[in-house]
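The values are calculated or read from the model by the stated rules, or taken from the named source; none is laboratory data. Just so it is clear, the model here is predicted, and its values are computed rather than measured. Positions of Cβ are generated from backbone atoms using ideal geometry, with glycine treated the same way; all protein chains shown enter the neighbour counts. Keep in mind that these areas ignore ligands, DNA and RNA; they rest on the heavy atoms of the full protein, side chains included. Shrake-Rupley method; radii C 1.70, N 1.55, O 1.52, S 1.80 Å.
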Amino acid sequence: MIIPRAGAPVTDVQSGNQAETDTDPTPIVIIDQDSDPNATVVEITFGDRLGALLDTMSALKSLGLNVVKANVFLDSSGKHNKFSITKA
């Protein structure tokens, strides 16, 4: 089984035509250690992909981090997730 890279054209098996597929946008990550004296603020901006927030929370948990506060909002540039995190 061949899994194409994100952004690579995929060949339609039935017709043999190549077509562009939907790709996941590149996330933007901003880490702020100064605005909150008790936590590190991490802002992650990415597209509106179903399950992305769950994947992000799972990744933070697997790194041994606690999310003590979260703010999630969507605008024209994508979904913005701002987390205040501490070590577990």
Worksheet item: What are the residues whose amide H is under 5 Å from the amide H of LYS69, where those residues sit 5 or more places off or on another chain and H is modelled from the backbone?
Response: SER84
Practice prompt. Using a 1.4 Å probe over the heavy atoms of the protein chains, calculate the carbon and sulfur portion of the accessible area of the range 28-87 as a whole percent.
Written response: 56
Worksheet item: For the pair LYS82 and ASP36, how long in nm is the line joining their label points, each one 7 Å along Cα→Cβ?
Response: 1.0
Worksheet item: Within straight cross-link reach of LYS69, meaning Cα distance under 16 Å, which lysines are found once same-chain residues fewer than 8 apart are removed?
Response: LYS61, LYS82, LYS87
Worksheet item: Out of residues 5 or more away from GLY47 or on other chains, whose amide H comes under 5 Å of its own, with H placed 1.01 Å from N in the peptide plane?
Response: LYS79
